[in-house]
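Input: a single structure, listed below in structure tokens.
The values are calculated or read from the model by the stated rules, or taken from the named source; none is laboratory data. Everything quoted here is computed from the prediction, not taken from an experiment. Neighbour counts are summed over all protein chains in view; Cβ atoms, including those assigned to glycine, are modelled from backbone coordinates with ideal geometry.
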Amino acid sequence: MLSGGDMLIRALRDEGVTTVFGYPGGAALHIYDAIFRQQDVKHILVRHEQAATHAADAYSRSTGEVGTVLVTSGPGATNAITGIATAYMDSIPMVVLSGQVVSERIGEDAFQETDMVGISRPIVKHSFMVRDARDIPEVVKKAYYIARTGRPGPVVIDIPKDITNPFDTYPYEYPEKVKIRSYTPATRGHAGQIKKAVQLMLDAKRPVIYAGGGVVQGNGSELLTDIARKLNYPVTNTLMGLGAYPGSDRQFLGMLGMHGTYEANMAMHHADAILAVGARFDDRVTNAVNKFCPNAKIIHIDVDPASISKTVTADIPIVGAVDSVLSEMLALILESEQKPDASAVKNWWEQIDEWRDNHGIYTAPRYDNSGEKIMPQDVIKTLHEVTGGDAYITSDVGQHQMFAAQYYLFDKPRRWINSGGLGTMGFGLPAAMGVQMAHRDAVVACVTGEGSIQMCIEELSALKQYHLPVKIICLNNQALGMVRQWQDMQYDSRYSESLYEDSLPDFIKLMDAYGHVGIRVTKKEELKAKMEECFAMKDRVVFMDIAVDTSEHVYPMQIAGASMRDMWLSKTERT
Amino acid sequence: MRRIISVLMENAPGSLSRVVGLFSQRGYNIESLTVAPTEDETLSRLTLTTIGDDHKIEQITKHLNKLIDVVKLVDLTEGAHIEREVMLIKVKAAGAQRAEIKRCVDIFRGQIVDVTASLYIIQITGTSDKLDAFLQAVGDASILEVVRSGVSGIARGEKVLSL
């Protein structure tokens, strides 16, 4: 016989949950007492509930398991909202347990009461309010099932305090299976459509494979790589898809979209066949939809039917799990007598190589690093070199995020952890905490800026408590860089509220106060040595405050309202 | 184009708010909405009318289907169907008006369900167009209050929306 609180934690254990990120408070105290009295589920005490959601989210992104969050009612719940929205936009499986005021007080504006189910409704895949303690095992089972299947997403379980009270106990049994009659996520794709898709790809003269976060989430990276190599077709990844195809491979064109590479955007624009896998034709990818890839037939594979033809109409839509569809495609390609048109593909590669030679960011530096200043791009290249390209990289949001996406060539999936859809500043540091919790011996670095890092900087304290030696690579350009870039390009350099007027903290002293190590880098020639010094301190949190060129912009940058191929290539040069 | 979408969903707390929330969240329009439990009390039947082109309606039905509480749905306007709406209307009916309004009710096959010395309450059932036409015939000057149920609908013939 178990109380509701004990049942909840037992159910988490039986679901295979080992780590919960959270913060206690009144309505959750019965649950916290249940946590105290067991060893199976480890709780990580964050310093702000937003960080709990980001940490659980990144834990999930780096492992493929469902992240788990526990917060109290009212402000605990509302603080979790930004992180839930972040996970929702990037389709990350997560379960958020929120305490609620006792059942009979609900609706009376009780202390720390907020309608969590209502507030979170537009940013969750589903939510539950527990009304009877006996329902806890089934609700937990359903929540994890919903969160991780189909198109994954966050699920909220709101639990009134009386439900978890220690006095009422019930028999406990965790269900082995769950069936929800109104929920049947897509699995296999339509065989006829898959056949048509393979035919279109084999007939293509100028094919491109465009892969998104769904390939990472859907464990389709190896299959995608096999297909691309078998066909010798070029691959581009979205921001969320980086690592789905090896970044250092010859067939990889780099990221596409607003800050995508010249060759990726040009190849997309001129393609005659596009295989879109687990990507959603986001506005940061397509630029103006009516000018998007005018000559291409589009195959769109997605587990979510609502993603298909949402913004760009698919010629061959395939609803299904990415791994299942790709393995069927690969089998058909292997058994097909028809091979890709070798001469057409050769011509296509010659064209792509010409684009690379002319403006590609990997064939030569397309920024001026001849001066005294440290260029942000060089920081990322040095980071790649020092970590052997094998670190988990989390990032915040802004210029540093784009530089990291462009220059840290991810060879494996689940190594690049960033807030793509929502663009949540403050994500990076708690995300690094979540990743390090999941991979205690791995190298985890958070690429951030002096703006973003201040949004969840309080987690330096949690990193200390749990001995999580993440490395923080701060590209300090003394400004909200991406805001300032747009102000340079569109507002005649009127820097409205993007500068701090000498108010930045001394990050080195701050690190000292938290019991961590701070390293300041101001000279170009000392960058690499200091970064090596940073990563040599394997058991310490180290913050590298790197003074980078304050005026640098991220390029290429697509020109708004135009097609994929219309880009600024530098401050003065455009296509 | 006006569409009637009929939804079979779990009769559970919060189900309706998810459907309504979806429409406001994604900028879709709801013209009318009616919901009640079915003969199986674990299920509710919700009928809504909305306006949009094919692309928008496709998105609406896909997103509705994604809601965990939605079991099944059908766009009734895709095939032959019957639609009905009930309207209760309170009108001024004094002097010469009384006979005039009574005649109008008869023409529209409505019923007078309550009478006082100075007013009628009329019940009319039919398609939304018919109800609109009746309101026009009676005229704004006599109308005191109008209550419409929203559209309910069912497919003609063999087609059944059930588990």
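Flag: residue A:443 matches the condition of being surrounded by fewer than 22 Cβ atoms within 10 Å (Cβ to Cβ) and either modelled with pLDDT of 95 or more or not β-branched (Val, Ile, Thr) (or both). Only one of A:237, A:219 is within 17 Å of the chain's Cα centre (by Cα) and free of Cβ contacts under 8 Å to residues at least 40 places away in the same chain. Can you tell me which? The conditions single out A:237.
If only residues of the stretch B:22-32 that are free of Cβ contacts under 8 Å to residues at least 24 places away in the same chain and of a type outside the set (A, V, I, L, M, F, W, C) are counted, the one that is nearest to the other protein chains (Cβ to nearest Cβ) is B:25. Of the numbered criteria (1) crowded, with 19+ Cβ neighbours inside 10 Å; (2) assigned to a loop (DSSP other than H, G, I, E, B), the one residue A:348 fails is (2). May I ask you to verify whether residue A:363 is among the hydroxyl-bearing types (Ser, Thr, Tyr) and either within 14 Å of chain B (Cβ to nearest Cβ) or over 21 Å from residue A:256 (Cβ atoms) (or both)? The answer is no for residue A:363. Each residue in the stretch A:86-112 was checked for being in a loop (DSSP other than H, G, I, E, B) and polar (S, T, N, Q), and 2 pass. Determine if the stretch B:4-27 includes at least one residue that is more than 27 Å from residue A:120 (Cβ to Cβ) and modelled with pLDDT of 95 or more. Checking the stretch B:4-27: at least one residue is more than 27 Å from residue A:120 (Cβ to Cβ) and modelled with pLDDT of 95 or more.
Take the conditions (1) modelled with pLDDT of 95 or more; (2) within 14 Å of chain A (Cβ to nearest Cβ); (3) part of a loop (DSSP other than H, G, I, E, B); residue B:72 misses just one of them, which is (3).
Of the listed requirements (1) within 16 Å of the chain's Cα centre (by Cα); (2) more than 12 Å from chain A (Cβ to nearest Cβ); (3) within 25 Å of residue A:152 (Cβ to Cβ), residue B:7 misses just one: (2). Sub-6 Å Cβ pairs linking a first residue in the stretch B:41-65 that is within 14 Å of another protein chain (Cβ to nearest Cβ) and among the charged types (D, E, K, R) to a second residue that is part of a helix (DSSP H, G or I) and buried (at least 17 other Cβ atoms within 10 Å of the Cβ), at least 6 apart or interchain, are B:62/A:305; B:62/A:306, ordered by first then second residue. Can we say residue B:80 is more than 14 Å from chain A (Cβ to nearest Cβ), surrounded by fewer than 16 Cβ atoms within 10 Å (Cβ to Cβ) and at pLDDT below 95? So residue B:80 does not fit the description; no. Sub-6 Å Cβ pairs linking a first residue in the stretch A:527-554 that is more than 20 Å from residue A:484 (Cα to Cα) to a second residue that is part of a helix (DSSP H, G or I) and of a type in the set (Val, Ile, Thr), at least 6 apart or interchain, are A:527/A:382; A:528/A:382; A:531/A:382; A:531/A:386; A:532/A:386; A:535/A:386, ordered by first then second residue.
Look at the stretch A:300-313: where a residue is within 11 Å of another protein chain (Cβ to nearest Cβ) and a partner is acidic (Asp, Glu) and crowded, with 21+ Cβ neighbours inside 10 Å, sitting 6+ places away or on another chain with Cβ atoms under 8 Å, you get A:308/A:302. Looking at A:428, A:451, A:481, just one residue is within 15 Å of residue A:59 (Cα to Cα) and surrounded by 24 or more Cβ atoms within 10 Å (Cβ to Cβ), and that residue is A:428. Checked across the stretch B:43-56, the condition of being at pLDDT 95 or above and more than 21 Å from the chain's Cα centre (by Cα) holds for no residue. Among the candidates A:12, A:2, A:29, A:8, single out the residue that is crowded, with 22+ Cβ neighbours inside 10 Å, more than 25 Å from residue A:436 (Cα to Cα) and in contact with a helix residue (DSSP H, G or I) (Cβ under 9 Å, 6 or more places away or on another chain). Selected residue: A:8, the only one of A:12, A:2, A:29, A:8 that is crowded, with 22+ Cβ neighbours inside 10 Å, more than 25 Å from residue A:436 (Cα to Cα) and in contact with a helix residue (DSSP H, G or I) (Cβ under 9 Å, 6 or more places away or on another chain). Only one entry in B:35, B:19 is part of a strand (DSSP E or B) and either within 12 Å of chain A (Cβ to nearest Cβ) or among the hydrophobic types (A, V, I, L, M, F, W, C) (or both), namely B:35.
In the stretch B:141-163, the residue that is nearest to the other protein chains (Cβ to nearest Cβ) out of those that are surrounded by 16 or more Cβ atoms within 10 Å (Cβ to Cβ) and β-branched (Val, Ile, Thr) is B:154. If I filter the stretch A:356-368 for residues that are over 22 Å from residue A:252 (Cβ atoms) and either more than 28 Å from the chain's Cα centre (by Cα) or surrounded by fewer than 21 Cβ atoms within 10 Å (Cβ to Cβ) (or both), do I get at least one hit? Yes, some residue in the stretch A:356-368 is over 22 Å from residue A:252 (Cβ atoms) and either more than 28 Å from the chain's Cα centre (by Cα) or surrounded by fewer than 21 Cβ atoms within 10 Å (Cβ to Cβ) (or both). Against the list (1) closer than 20 Å to residue B:61 by Cα; (2) among the aliphatic types (A, V, I, L, M); (3) touching a helix residue (DSSP H, G or I) at 6+ places or on another chain (Cβ under 7 Å), the condition residue A:329 fails is (1).
Checking each residue in the stretch B:85-102 for being surrounded by 15 or more Cβ atoms within 10 Å (Cβ to Cβ) and touching a residue at least 24 places away in the same chain (Cβ under 8 Å) picks out B:85, B:86, B:87, B:88, B:89, B:90, B:91, B:92, B:93, B:97, B:101. Residues that are of a type outside the set (Phe, Trp, Tyr) and within 14 Å of another protein chain (Cβ to nearest Cβ) occur in the stretch A:277-285; there is at least one. Among the residues of the stretch A:314-343, those identified as among the aliphatic types (A, V, I, L, M), more than 14 Å from chain B (Cβ to nearest Cβ) and farther than 20 Å from residue A:252 by Cβ are A:316, A:318, A:321, A:325, A:331, A:332, A:334, A:342.
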